[in-house]
Amino acid sequence: MSNPYAAIYPPAGAAHLETQPIATAPPPGMFPMPQSQPHPNAVVMPQGGWSQPNMTYPSGLEYLMGLNYLFVNQKIELLEAFTGFETKNRYAVTDMTGKPVFYVAEESGICSRLCLGSARPCEFSVLDQNRREVFRMIRPFRCDSCCCPCYLQVMEVYSDGRLLGSITQEWSLLRPTFSIRDSSGNPVLIIKGPIIRFCIEVVFKVKSLDEKHNVGVIQKHWSGFGREIFTDCDQFGVQFPQDLDVKIKAVLLGACFLLDFMYFENRSGFNADC
């Protein structure tokens, strides 16, 4: 059986950082430069919108502890670009300097890709540089229209079979709205999208539950005319507080993939807007 990750991992013994085809630095201007850090002796009041970081986390998530930016770069599939045949998506997740943090490979059936298009149920295996699965994201088949408020989109994030959290779409007439939930199903953050999603830079704001605090942002970056027109390969960036619980950071990363499939993936075949 062929290795599903062969195209995103180099052969054994090869340079494993420099040879990755999609591990690139974030596009310039995607996010503002980080603000200066407070004085070490200054009293920093806790910001509203997220709980104190939980130091109990599954193995592998320590990669996220010191990060407040992640960038998702989708690999261009030549077969899909030239034929329109929907293939499995693959991504590299990098930090602010362009260093690879994770590799992500979609797992889905050929029939669902052909018949359901971007609405297809699928799973995403998130691997570290040692080819070890760190966590897994599961997206079941759902609708994403205000006409079906009881069957909206869901993405669940697991590590070693344990639920880390989930992203659930909330019913809304105009503005895309999602809840970031913890392992107990309790909402901890809200994602608010723009009414118009055809701009060059599309921004989804991450807010506290009371919507009084801007906690972070998920931004879809314009990746060039040729790439946007002839492929469905997208680039995303996600910004969050550095002291956010790493499990919630993993869930916010999963939100990038859910948003990509819902709004920016080529909708050939079945349309989920029922």
- prompt: Is there a residue being of a type in the set (Ser, Thr, Tyr), at pLDDT 90 or above and closer than 19 Å to Tyr263 by Cβ anywhere in region 81-104?
  reply: yes
- prompt: Pick from region 218-233 the residues that are at pLDDT 60 or above and of a type outside the set (A, V, I, L, M): which of them is surrounded by the most Cβ atoms within 10 Å (Cβ to Cβ)?
  reply: Lys220
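Going through Phe257, Phe236, Phe261 one at a time, which residue ends up being part of a strand (DSSP E or B), among the aromatic types (Phe, Trp, Tyr) and modelled with pLDDT of 75 or more?
Result of the check over Phe257, Phe236, Phe261: Phe236.
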query: Would you say Ile138 is surrounded by fewer than 19 Cβ atoms within 10 Å (Cβ to Cβ), at pLDDT 95 or above and of a type in the set (A, V, I, L, M)?
result: yes
field: Of all residues in region 176-216 being touching a strand residue (DSSP E or B) at 6+ places or on another chain (Cβ under 6 Å) and of a type in the set (Lys, Arg), the one that is surrounded by the most Cβ atoms within 10 Å (Cβ to Cβ)
entry: Arg181
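The values are calculated or read from the model by the stated rules, or taken from the named source; none is laboratory data. Remember, predicted model here, so these are calculated numbers, not experimental data. All Cβ positions, glycine included, derive from the backbone under ideal geometry; neighbour counts span all protein chains shown.
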